[in-house]
């Protein structure tokens, strides 16, 4: 039995650069809604939407600080609900790029994990090394090491 995704035509949208609906220079959810007829005419039956959650935008929106709210630059939760409704009206599915294993350093779970070595959230993140030594020499895409000393003072990175 075939599923809709077996023969899907998926169009990936990075919202910030797709369509600006309010003139602030940043693409947004209502901009995507404006282009639904265009997407339908292309034959698209699914949209893969890059992250639209609240983020400090250090990693292009993948550094989510609140998974329960839409980034105000993208719109509102009502805008998100309207986008979903309008896509579904024309038979277009929505795939959310929802990366749960990557939070911002501003996310409350991370903040709690670095303040308290006994935090419930400590195991949500990788703390490694000992005695102030980094576990490896991996470099960051953004420059420098991927490891920083643990602010909780455990001697880990």
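If both residues of a DSSP beta bridge must be in the chain, then about 30% of such bridges are antiparallel. Residues 53, 98, ranked from the fewest to the most other C-beta atoms within 10 Å, line up as 98, 53.
Using C-alpha pairs under 8 Å with a sequence gap of at least 6, the mean separation divided by the residue count of the chain gives a relative contact order of 17 percent.
Applying 1/(1 + (r/R0)^6) with R0 = 25 Å to the Cβ-Cβ distance of residue 85 and residue 7 gives a FRET efficiency near 0.55. With the highest mean first, a sort of the peptides 118-125, 41-48, 136-143 on other beta-carbon atoms found within 10 angstrom per residue produces 41-48, 118-125, 136-143. For the pair segment 36-77 / segment 123-157, the C-alpha centres are spaced 30 Å from each other. Annotation: the residues 33, 134, sorted from fewest to most other C-beta atoms within 10 Å of their own C-beta, follow the order 134, 33.
Measure nothing fancy, just the Cα-based angle from helix 77-89's long axis to the longest principal axis of the chain, in degrees from 0 to 90, nearest 10. Taking the Cα atoms of the chain, the angle to 77-89 is about 50 degrees. For the chain, the 222 nm mean residue ellipticity estimated from helices alone, with every DSSP H stretch of n ≥ 4 adding -39500 (n - 2.57) and the total spread over all residues, rounds to -6000 deg cm²/dmol. Divided by 2.2 N^0.38 Å, where N counts the residues, the Cα radius of gyration of the chain comes to 1.30.
Relative contact order for segment 107-157: 35 percent, from Cα pairs under 8 Å spaced at least 6 residues apart, divided by residue count.
Read-outs: derived from the displayed coordinates by stated rules, not from any lab. The model shown is predicted, which means the values in this text are computed figures rather than measured ones. Note that we place each Cβ from the backbone using ideal geometry, even for glycine, and neighbour counts take in every protein chain shown.
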